[in-house]
1. Which residue, Ala60, Ala27, Ala18, tops the fluctuation ranking in a GNM of the chain built on C-alpha contacts under 10 Å?
2. For the chain, give the percent of accessible area contributed by carbon and sulfur heavy atoms, probe 1.4 Å, rounded to a whole number.
3. What angle do you read, to the nearest 10 degrees and between 0 and 90, between the alpha-carbon axis of helix 34-50 and the longest principal axis of the chain?
4. As I understand it, the value is the acute angle between the Cα axis of helix 59-70 and the longest principal axis of the Cα atoms of the chain; what does it come to in degrees, rounded to 10?
5. Pick from Val20, Val40, Val32: which residue has the top mean-square fluctuation in a GNM of the chain where Cα pairs under 10 Å get a spring?
6. Could you tell me which label, among [x] 0.94; [y] 0.97; [z] 1.03, carries the value of Rg/Rh (Cα atoms, Kirkwood Rh) calculated for this structure?
7. Would you tally the net charge around Ala48, using a Cβ to Cβ cut-off of less than 15 Å, leaving Ala48 out, and scoring K and R as +1, D and E as -1?
8. Enter the angle in degrees (range 0 to 90, nearest 10) between the Cα long axis of helix 2-27 and the first principal axis of the Cα atoms of the chain, meaning the one along which they spread out most.
Amino acid sequence: MAGIVQMGGNLAVQVIQAIVLGICLSAFGESVSLSQLILVNTFVSLFAGSMPVPGGAGVAEAGFADGCRRWGSPVRSPSVW
């Protein structure tokens, strides 16, 4: 029973993080489907967790940018005004 609850919680976290990523993209006028965002989030989480970097800092951000770019959302350079 505990394993089922754990898997359900992990699924919920992946979906919520994908929704938040989608909201962030829509704030910049871009859109990627929820299923694609779930795939990007899952693969980035697995990849960042395997890197020997404290907290996966930088690895996850690069993975999210690359994953969204591959699904059609253009990655723009951040601009400072």
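The values are calculated or read from the model by the stated rules, or taken from the named source; none is laboratory data. Remember, it's a predicted structure, so these values are computed and weren't measured experimentally. Glycine gets a Cβ as well: all are built from the backbone with ideal geometry, and neighbour counts include every protein chain shown. We work out accessible area using only protein heavy atoms, side chains counted, and drop any ligands, DNA or RNA first. Shrake-Rupley method; radii C 1.70, N 1.55, O 1.52, S 1.80 Å.
1. The residue that fluctuates most here is Ala27.
2. Values: 4170 of 5880 Å².
Carbon and sulfur together cover 71 percent of it.
3. Helix 34-50 and the main axis of the chain meet at about 80 degrees.
4. 70 degrees
5. Of the options given, Val20 has the highest mean-square fluctuation.
6. Structure-derived value, by its label: [z].
7. Values: positive: none; negative: Glu61, Asp66.
Net of charged neighbours comes to -2.
8. Compared with the principal axis, the helix lies near 10 degrees.
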